[in-house]
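Bear in mind that the values in this text are calculations on the coordinates, not laboratory data. Since the structure is predicted, the reported quantities are computational estimates derived from the model, not experimental observations. Using ideal geometry, Cβ is built from the backbone for each residue, glycine included, and neighbour counts are taken over all protein chains shown.
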Amino acid sequence: MLDFNFSEWAVVALVALVVIGPKDLPKAMRVLGYWVGRARSVARQFRAGFDEMIREAELAEMEKKWKEENERIMRMHPPTPPETIEHAPTPADDEDGPPVMVEKPVVAPAPETSPTDADTAAVEKPAP
């Protein structure tokens, strides 16, 4: 890219100091830094966009190769027709059949519990 050695930078700094002056040199350097940053940002965005286009092109090419390979495999091994499938539905697989009847379960009533002494003591004495 650009190749500057120390002596060239020193000459540029000396000329800038003489032309711009020591009072306005810091402001000029800030403005220069701002514009250099903007230029780098634009270059980075351009590079990222270019890389994205390359990735998309490579992805499209890979998808095309993948589709061709799938078609080749499907030609070599065609799918079996439904008549030759060995698995036939069994009655257990039939979901539209009548429901299976089972015995009604016996439900026992819950045992009655008597209140304990602690429970009755808490009920009788309100909190102070």
May I ask for the distance between the Cα centers of the stretch 16-52 and the stretch 56-82, given as a whole number of Å?
-> 51
Picking from PRO26, TRP66, SER41, whose Cα lies most toward the positive end of the charge dipole for the stretch 22-78 (charges on Cβ: Lys, Arg +1; Asp, Glu -1)?
-> PRO26
TYR34-LYS65 pseudo-label distance in nm [points 7 Å out on the Cα-to-Cβ vector] = 4.9
log10 I(q)/I(0) for the stretch 22-78, Debye formula on C-alpha points only (no solvent), q = 0.19 Å⁻¹, two decimals, reads -0.77
